Amino acid sequence: MSREPGAVHDEAYGPKPSRPVKPVVLVEDNGPIHTSKLSRAALATRAHWLTVEWLPKYAPELNDIEPVWRDIKANHLAHQTFRDADALAQAIHKAVQDRNQERQLHSLAKRRISA
């Protein structure tokens, strides 16, 4: 049985008879998946409890993922040629794993262990 997109979020954040309605604000960029007819229709059905704030059309400084992609492209994927889309996808997944590993190492270095 397939669910409507967003149904899981409706259960977690949507109104329920046993609790008061709490407005939710969703900040979206203008990526094609967010502006598609299907996405806009799904958002419209939730307008009574979900407010969507759209980022400007091109505002990478407001989207936290942009510096991450910039780093991955510059430091993990630059100066390479990939034989096909699958090879590129594998390289991206490895780059994300490597970057996450680097972040874990840095966060562990900041921790202090007390006796």
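Every read-out reported here was derived from the displayed coordinates using simple, explicitly stated rules and does not represent laboratory data. In this text the structure is predicted, and so the values were computed from the model without any measurement. Cβ sites come from the backbone with ideal geometry, for glycine too, and all protein chains shown count toward neighbours.
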Check: In nm, to one decimal, how far is the Lys57 label point from the Leu26 one, both placed 7 Å along Cα→Cβ?
Finding: 2.3 nm
Note to self: For Lys16, give me every one of the aspartates and glutamates with a C-alpha distance below 20 angstrom, ignoring sequence neighbours fewer than eight places off in its own chain.
What the structure shows: Glu4
Note to self: Taking the alpha-carbon distance from Lys57 and a cut-off under 17 Å, which aspartates and glutamates remain once sequence neighbours fewer than 8 residues away in the same chain are dropped?
What the structure shows: Glu28, Asp29, Glu66
Note to self: If I model a spin label at Arg70 and Ala85 as a point 7 Å from the Cα along the Cα→Cβ vector, what separation in nanometres do I get?
What the structure shows: 2.8 nm
Check: Can you give the three extents of the C-alpha atoms in the range 64-110 along their principal axes, from longest to shortest, in whole Å?
Finding: 40, 17, 17
